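Okay, structure first, notes after.
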């Protein structure tokens, strides 16, 4: 049975080990600057994360950042994991296992940043009220609040699928969560085979169900099995947060802050006549059929002049996360796929790749990239490259230097853990960087096996009972596995290792 203290939230299943860029102070600052809002400070700030899950994001930001960090997740197992990682990292990170109502009663500092990812849609309306009250009480004037949620109208057709999975969970026998997940998906399959009329109007629902089957049982349980699972219109969330004196400031998706980007000419023409920001965003959701919102709200945000925005942006630093050969210049937007102009983007990427991928201020990128059409074009290119996961904003250079030892300690602790996802923290960006399982093994080799990275990786996989895959099948032949590992290591050495060095992870 559901434990009473859990308030309908799934607690018997460990949450996924994810990292979320949007919770990074440097990321929030970039998005706010794009919309000409004065961002909170890059140093000496107070930060809070609500519902931190396993706490990877919170711990990475605390290890790399220059502030005091607080966070709560009312699942004790999550808080214990996060506190253990915080102890090994040495960051200024205060971990609690309070409910939102309990956290509201604590004597906490006023925060410059408050963030929550994947919480708002999955908690009760009472808890959303506690969250609003917490933000109203604890967010500084000029502070920023990040929130994400399942949104309408994008979930209009598929929303009943989420309800169906949650309903099945209520009547499912108390077996393992993996078995309940499998049974719930099979139940949906059998319903669809029976030919309900609803299926005829719900375009793409079968495809959505098939894609859902590719996720882990843990993800599906946390996404769909909670008693509370709500989809919301942007305007309703904006109205709710207005009770905490908040107003919408920016999308936490950088490309979402480029006016009209990804829209058709007819859509841009229609939206051009709407001056109200909330109405504009809501109508944009109809054009893009938005399913998931990632938004930044400010409390009394101060607008920047264009000149001041330019001054701040030109000294902001950026760094590549992907090798230039591996960047795909295509973006999937709500109204279709967009191919980016390589004549604009490749010079920017080349400028970022110069000097062994070292981080560079925007002023230097613009000069080296040969962009003569002005700051908006350069910012647009950077914003889209960040959205693609190819580039990251950086935190101040002095903060990166000061916190190198803490990020190394955090990465050593992460390396010891067997996690479903693999991330290391960079003092340069102040956030997490995705690292593949094999790259993680290659990075560990110099310390443990005298530098023979291929040998170390093969032996480590063998000890763990893991195998390389070729065309989706385990490779049983040892010589074939060795050749594959040599090829993988060569690509790592030539492409990804230089990037990890520039990010000061190595």
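The values are calculated or read from the model by the stated rules, or taken from the named source; none is laboratory data. Computed from a predicted model, the values in this text were never measured in an experiment. As a convention, Cβ positions derive from the backbone with ideal geometry for all residues, glycine included, and neighbour counts pool all protein chains shown.
Before moving on, here are some points about what is shown:
- Scoring residue 356 on the criteria (1) surrounded by fewer than 16 Cβ atoms within 10 Å (Cβ to Cβ); (2) over 24 Å from the mean Cα position of the chain (by Cα); (3) over 22 Å from residue 427 (Cα atoms) leaves a single failure, condition (3).
- Within the stretch 132-164, the residues that satisfy the criterion of being within 20 Å of residue 250 (Cα to Cα) and in a helix (DSSP H, G or I) are 132, 135, 136.
- A single entry from 285, 295 fulfils the requirement of being closer than 30 Å to residue 141 by Cα, at pLDDT 95 or above and not in a helix (DSSP H, G or I): 295.
- Failed item, numbered, when residue 259 is tested on (1) under 24 Å from residue 38 (Cβ atoms); (2) crowded, with 19+ Cβ neighbours inside 10 Å; (3) modelled with pLDDT under 95: (2)
- In this structure, residue 230 does not satisfy being assigned to a helix (DSSP H, G or I), within 23 Å of the chain's Cα centre (by Cα) and at pLDDT below 90.
- Helices (runs of 4 or more DSSP H) completely within the stretch 429-506 that count 1 or more residues being surrounded by fewer than 16 Cβ atoms within 10 Å (Cβ to Cβ), in contact (Cβ under 8 Å) with a residue 40 or more places away in the chain and in contact with a helix residue (DSSP H, G or I) (Cβ under 7 Å, 6 or more places away or on another chain): none
- Among (1) at pLDDT 95 or above; (2) under 22 Å from residue 495 (Cα atoms); (3) outside any helix (DSSP H, G or I), the one test that residue 328 misses: (1)
- Search result, residues across the stretch 401-418 that are crowded, with 16+ Cβ neighbours inside 10 Å and more than 15 Å from residue 90 (Cα to Cα): 415
Condition check ((1) assigned to a strand (DSSP E or B); (2) closer than 18 Å to residue 395 by Cβ; (3) modelled with pLDDT under 95) across all residues:
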| residue | (1), (2), (3) |
| --- | --- |
| 33 | no, yes, no |
| 49 | yes, yes, no |
| 53 | no, no, yes |
| 59 | no, yes, no |
| 70 | yes, no, no |
| 78 | no, no, yes |
| 81 | no, no, yes |
| 88 | no, no, yes |
| 91 | no, yes, yes |
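- Hey, residue 204 out of contact with any helix residue (DSSP H, G or I) (no Cβ under 9 Å at 6 or more places or on another chain) and modelled with pLDDT under 85 or not: yes
- Qualifying residue in the stretch 302-318 (condition: assigned to a helix (DSSP H, G or I), touching a strand residue (DSSP E or B) at 6+ places or on another chain (Cβ under 6 Å) and loosely packed, with under 14 Cβ neighbours inside 10 Å): yes
- Within the stretch 390-406, none of the residues are part of a loop (DSSP other than H, G, I, E, B) and farther than 17 Å from residue 426 by Cα.
- Failed item, numbered, when residue 161 is tested on (1) more than 14 Å from residue 50 (Cα to Cα); (2) at pLDDT 95 or above: (2)
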